[in-house]
Amino acid sequence: MTSAVFTGGQIFDGTGAALAGGDIRVEDGRITDIGTGLTGDVEIDVSGKTILPGLFDCHVHLTTSTIDTVERLNTPLSYRFYQAIHNMQTTLDAGVTSVRDASGADLGVKRAVDNGLVAGPRMQISIAMLSQTGGHGDSHVLCGAEVRVPYPGAPSGVVDGPDEMRKRVRELIREGASVIKVATSGGVLSPISDPTRGHLRDAELDVLVEEATAAGLHVMAHAQATDGIKAAIRAGIRSIEHGIYLDDEAVQMMLDRGTYLVPTLLAPRMVVEAADGGSRLSDRVLEKVHMVIEAHTDSISRAIDAGVKIAMGTDSGVGPHGQNLRELGLMVEAGLTPTQALVATTKTASELLGVETDLGTIEAGKLADLVVVDGDPLDVDHLQENIVGVYKGGELVAGR
Ligand SMILES: [Zn+2]
């Protein structure tokens, strides 16, 4: 078994502790020792550089490459999976070695990466987003067409009533879901739904959480409306995604229940950028994105001030993949320190995904997912361009 030692660098270990000098020895994909003067079969000189834990993005859509309505309607289903290969590499290039796919990627995508057929981040997949009829996951458009085609391996996410909910959660688990996603409010990119309205009733959400819990899975909620956020927290859902209209009561509920917040501050900005770049979006979608964008930052700042647990997520796929680390600058604008933003992208994110025994911090025994950066790692606005090497399980997957 060959061992590699990263020598001469600084370590940001992911816990929020100050940078400290140290060597890291990696053997068989795992970190076996951290200290000074370590030796190994191969030495990787990282003098003047900093090593971070592999980064997380807790909200991506790896098989989504455009939000342009006309382009989506004219893209063959299988083409999206070839595009995903490119999207996964650009995600690795950004130092992101673990993601939670918030709908789109199915078991074939995950398996292709796990088996080494294609390069990509470690992933948890939700396959399809559960939503009520007319909700954020309903792709029915007013002419009567369905924009999304369900297929074997990725059933429709549209459900109404506790009985349908129970069955559909079981179907997603059957197809290999590693996390369950539900929309407890409307959202921006769906054709009709209203982001300020709560969706699905408590009886439906209770069944959903009951079935997911029985299978050992966590639930993530696309939740923008205040009512939808509160319903998700009441039901015991683990993370609120987007959280656009948090009020003080919702923030307090999150603190009481230990609910995580995945802000995705980049998401509405990417929609605006897509529209400015010529993407064809409906007037209704454009109206919605401008409605939410200011409320969003205020809402996230309120949660940050109160001390809600924050995990990094971007909604990449809504905009180009590989720009994930822009989210850190936005989180800092919303009130996190740069160190806290990095912890949200490493340790806290690993806890949200329940993988903290293997990932999220640099510690002996953990998997050797490591990112080597030049310059000041706390200069989060330039973190992405400062990345010089990305290692997943000790293997170089991006950089030099
Ligand atoms: Zn999303």
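The values are calculated or read from the model by the stated rules, or taken from the named source; none is laboratory data. This one's a predicted model, so the numbers in the text were calculated from it and none came from an experiment. Quick reminder, even Gly has a Cβ in these numbers, built from the backbone with ideal geometry, and neighbours come from all protein chains shown.
If you go through region 28-43 and pick out every residue that is under 20 Å from THR361 (Cα atoms) and either within 27 Å of the chain's Cα centre (by Cα) or in contact (Cβ under 8 Å) with a residue 40 or more places away in the chain (or both), you end up with 7.
Between ASP206, ASP276, ASP256, the distinction of being farther than 22 Å from ALA344 by Cα, loosely packed, with under 14 Cβ neighbours inside 10 Å and away from the ligand (no atom under 16 Å from the Cβ) belongs to ASP276 only.
Take the conditions (1) farther than 27 Å from ASP138 by Cβ; (2) free of Cβ contacts under 8 Å to residues at least 40 places away in the same chain; GLY258 misses just one of them, which is (2). Just so you know, in region 89-130 the residues that are in contact with a Pro (Cβ under 9 Å, 6 or more places away or on another chain) and within 13 Å of PHE56 (Cα to Cα) include one that is nearest to the ligand (Cβ to nearest atom), and it is VAL99.
Residues in region 86-127 that are outside any helix (DSSP H, G or I), β-branched (Val, Ile, Thr) and in contact with a Gly (Cβ under 6 Å, 6 or more places away or on another chain): THR97 only.
Could you check region 333-385 and list, in sequence order, the residues that are over 26 Å from SER178 (Cα atoms) and crowded, with 19+ Cβ neighbours inside 10 Å? Residues satisfying the conditions are ALA334, LEU336, VAL372, VAL373, PRO377, VAL380, LEU383, GLN384.
Counting only residues that are in contact (Cβ under 8 Å) with a residue 40 or more places away in the chain and either of a type in the set (A, V, I, L, M, F, W, C) or exposed (fewer than 13 other Cβ atoms within 10 Å of the Cβ) (or both), how many does region 140-152 have?
The first filter runs over region 140-152 and keeps only residues in contact (Cβ under 8 Å) with a residue 40 or more places away in the chain, leaving 140-142, 147, 149, 151.
This time we only want the ones that are either of a type in the set (A, V, I, L, M, F, W, C) or exposed (fewer than 13 other Cβ atoms within 10 Å of the Cβ) (or both), so: 141-142, 147, 149, 151.
Count: 5.
Quick check on this structure: which one of THR357, THR339 is more than 30 Å from THR69 (Cα to Cα), assigned to a helix (DSSP H, G or I) and out of contact with any strand residue (DSSP E or B) (no Cβ under 8 Å at 6 or more places or on another chain)? When all the criteria are applied, what remains is THR339.
Taken over region 8-44, the residue count meeting the criterion of being of a type in the set (A, V, I, L, M) and not in a strand (DSSP E or B) is 4. Out of ASP298, ASP376, ASP305, ASP381, which single residue is part of a helix (DSSP H, G or I) and outside the structural domain of PHE81 (by TED's automatic domain parsing)? Checking each option against the conditions leaves just ASP381.
Just to be sure before I move on: is THR39 of a type in the set (Ser, Thr, Tyr) and under 30 Å from ILE180 (Cβ atoms) in the structure I sent? No.
Residues of region 3-27 that are in contact (Cβ under 8 Å) with a residue 24 or more places away in the chain and hydrophobic (A, V, I, L, M, F, W, C): ALA4, VAL5, PHE6, ILE11, PHE12, LEU19, ILE24, VAL26. Report whether or not ALA232 is assigned by TED's automatic domain parsing to the domain that holds VAL60 and either within 16 Å of the ligand (Cβ to nearest atom) or within 26 Å of GLU211 (Cβ to Cβ) (or both). For ALA232, the condition - assigned by TED's automatic domain parsing to the domain that holds VAL60 and either within 16 Å of the ligand (Cβ to nearest atom) or within 26 Å of GLU211 (Cβ to Cβ) (or both) - is met. If you take the residues in region 315-332 that are more than 14 Å from the chain's Cα centre (by Cα) and buried (at least 20 other Cβ atoms within 10 Å of the Cβ), which one is farthest from GLU71 (Cα to Cα)? Filtering first and then ranking leaves MET331.
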